[in-house]
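The values are calculated or read from the model by the stated rules, or taken from the named source; none is laboratory data. These numbers were taken from a predicted model, which means no experiment stands behind them. Virtual Cβ from ideal backbone geometry, glycine too; neighbours counted across all protein chains shown.
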Amino acid sequence: MAYQSYVLVCGGTACCSSGGDKVVAEFKRILAEQKLDETVQVVTTGCLGFCEQGPIVKILPQGTFYVQVKPEDVKEIVAEHLVKGRVVQRLCYDPEQAKKLVAEANIPFYQKQYRIVLRNCGVIDPEKIEDYIARDGYKAIEKVLFEMTPEQVVEEILKSGLRGRGGAGFPTGMKWKFAMQQPKGQKYMVCNADEGDPGAYMDRSTLEGDPHSVLEAMTIAGYAIGASKGFIYIRAEYPLAIRRLEVAIEQAHDLGLLGKDILGSGFDFDIELRFGAGAFVCGEETALLQSIEGNRGMPRPRPPFPAVKGLWGRPTVINNVETLANIPVIINKGADWFNKIGTATTKGTKVFALTGKVNNSGLIEVPMGTTLREIIFDIGGGIRGGHQFKAAQTGGSTPRSTTSRSPRSARSWALAASS
Amino acid sequence: MSEKTEQMTPELKAFIEEWKGKPGNLIMVLHKVQQTYGYIPREIAIEISSLLDVPLAKIYGVVTFYNFFKLQKAGKYIIQVCLGTACYLRGGDDLMKEFERQLGVGVNATTPDGLFSVEAVRCLGCCGLAPVVVVNGEVHGKLATKDVAGIIEKYRKLG
């Protein structure tokens with residue numbers, strides 16, 4: 001990396017809507033004008049999570065974190081920070097109007113977080129496959145294709161204790177095992193990106209910020225269960241995520257990481273997108289399969305489960321976006337590593353979209369077992385306007401509300417939250 | 001509604017050709033139709049029925065099942081007011097009433113000049129900006145009722 005500084009500008013939906021794209025353009029214009037574009041690189045990243053304070057600009061290597069940056073602020077950031085090395089104090093996030101915090105690591109919003117699923121969100125340019133590869137991207141698929149049998153892959157995921165993040169919390173490895181055990185023939189791997197619950201945008205942010213992690217995970221799953229074809233069922237309401245996925249699929253094709261004979265291993269796998277059309281029920285897996293087939297999205301009773309009879313009657317595994325984003329990391333770092341994070345029965349982390357009347361709304365990721373209180377008060381910065389906490393609604397329309405008297409952890413919360 | 005007959009565009013025809021052989025193509029084709037005309041015109045649905053060899057009744061069934069597909073032409077600018085939980089809590093409902101009042105039309109209706117229609121939508125996923133209104137893909141966040149007139153004016157000027 002030959003650049004001296006990096007300007008990361010959040011390119012998630014929320015920051016774009018707050019004018020983040022104009023900030024990027026302004027940085028590029030001024031840096032070119034001052035001939036600094038050889039030493040400073042501007043990167044549009046995925047969601048940095050702190051949507052409340054967008055547009056967010058982060059400057060590396062110092063890690064300085066600027067909030068609510070407007071195009072007219074860019075000139076000052078370039079002149080002061082990038083040229084003279086002085087932090088622009090007035091643009092730093094400041095919860096108490098007192099001492100200025102400059103680095104992201106010092107902001108309470110980030111201190112309690114643990115990022116596995118969102119490991120690349122806000123770090124890489126999601127439209128560049130090289131960025132993903134530089135962060136161990138597509139290393140897991142290589143390991144799986146050349147060093148592991150499908151049985152070993154399934155065993156590793158089983159051992160990791162990963163459970164579905166779509167809401168039901170079903171062990172992912174079990175799903176894969178059922179599909180793997182079906183007789184050979186056409187099988188399908190489906191990614192459920194029909195995130196429809198009010199206030200939930202975890203999956204959208206993952207797809208916008210790190211689309212390749214989902215493609216890699218689907219390919220791994222395809223290898224494990226013996227599927228050569230994958231579908232991503234995504235809401236039509238997520239145009240940016242759709243575009244980033246289209247770009248990512250094309251790039252993966254160009255490098256031989258998707259399509260025929262992946263990395264010369266003899267394994268074929270391809271992924272197509274299918275759009276939802278505004279039916280909430282299609283997040284349910286049997287309805288989702290109907291919709292991919294081009295029908296009305298009517299759920300049907302199970303069994304038979306999709307792992308036995310799914311898309312066009314063939315064995316099909318359906319995993320949620322967040323579940324999949326964990327897979328490459330588990331393969332790279334091992335089930336034993338993943339197993340140490342979380343609680344006795346639920347491993348790993350959970351991503352939450354924290355919204356409503358809290359001070360810091362945004363996208364967060366915490367270890368399973370984190371309490372609601374920590375999420376609302378430590379990360380969320382408490383209730384807006386200094387009011388008292390009354391109730392929180394976890395997940396969509398199904399779970400009950402939680403009041404200040406009922407302590408619940410991220411695990412039960414996560415299980416209640418559906419995609 | 002006007003009785004204007006829609007013609008199939010070459011682009012749409014090419015898209016259908018490309019998707020013809022793929023299983024489960026109907027919804028993707030309908031998305032393209034809606035993107036082209038802003039709704040699903042009956043005459044186009046009839047053509048698709050024969051091109052894809054799908055009964056018209058099935059197309060009607062699918063179109064009416066999914067919220068996204070419309071059978072009538074919407075206004076040039078579609079004002080989508082988010083009434084998801086986060087936006088509702090921060091006043092999405094008041095925005096909706098204000099748009100209805102200023103435009104003189106109810107929800108899911110189009111102004112007589114064909115310029116605006118107002119829709120209620122569910123979570124758009126940028127709750128950090130609540131309450132949110134989207135006009136033809138452009139997001140307006142952190143709105144108050146006093147901002148409504150300005151938004152309408154902005155698009156009216158564009159004509």
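Quick notes
- Filter pass, A:ASP131 being crowded, with 24+ Cβ neighbours inside 10 Å, acidic (Asp, Glu) and either more than 14 Å from chain B (Cβ to nearest Cβ) or closer than 24 Å to A:GLY49 by Cβ (or both): no
- The sole residue among A:GLU76, A:GLU38, A:GLU80, A:GLU72 that is in contact with a Lys or Arg (Cβ under 6 Å, 6 or more places away or on another chain), surrounded by fewer than 21 Cβ atoms within 10 Å (Cβ to Cβ), modelled with pLDDT of 80 or more and charged (D, E, K, R) is A:GLU80.
- Among the residues of the stretch A:301-346, the one identified as aliphatic (A, V, I, L, M), under 24 Å from A:PHE146 (Cβ atoms) and either within 14 Å of another protein chain (Cβ to nearest Cβ) or not in a helix (DSSP H, G or I) (or both) is A:VAL317.
- Restricted to the stretch B:112-152, and to residues there that are more than 12 Å from chain A (Cβ to nearest Cβ) and either touching a His at 6+ places or on another chain (Cβ under 6 Å) or part of a helix (DSSP H, G or I) (or both), the residue that is surrounded by the fewest Cβ atoms within 10 Å (Cβ to Cβ) is B:LYS146.
- Of the strands (runs of 3 or more DSSP E) lying entirely inside the stretch A:1-72, not one is found with 2 or more residues being small (Gly, Ala, Ser).
- On inspection, A:GLU250 fails the criterion of being part of a helix (DSSP H, G or I), away from chain B (no Cβ under 14 Å) and surrounded by 23 or more Cβ atoms within 10 Å (Cβ to Cβ).
- Scanning the stretch B:82-110 for residues being among the aliphatic types (A, V, I, L, M) and within 14 Å of another protein chain (Cβ to nearest Cβ) gives a total of 3.
- Of the residues B:ILE44, B:ILE16, B:ILE59, B:ILE48, the single one that is away from chain A (no Cβ under 14 Å) and either within 22 Å of the chain's Cα centre (by Cα) or not hydrophobic (A, V, I, L, M, F, W, C) (or both) is B:ILE44.
- One residue from A:ALA217, A:ALA241, A:ALA224 being crowded, with 24+ Cβ neighbours inside 10 Å, within 12 Å of chain B (Cβ to nearest Cβ) and touching a residue at least 12 places away in the same chain (Cβ under 8 Å): A:ALA241
- Selection from the stretch A:177-214 of residues that are closer than 25 Å to A:PHE146 by Cβ, surrounded by fewer than 24 Cβ atoms within 10 Å (Cβ to Cβ) and of a type in the set (A, V, I, L, M, F, W, C): A:MET180
- Failed criterion for B:TYR39 (all others in (1) hydroxyl-bearing (Ser, Thr, Tyr); (2) within 14 Å of another protein chain (Cβ to nearest Cβ); (3) more than 27 Å from B:GLY159 (Cβ to Cβ); (4) out of contact with any Gly (no Cβ under 8 Å at 6 or more places or on another chain) hold): (3)
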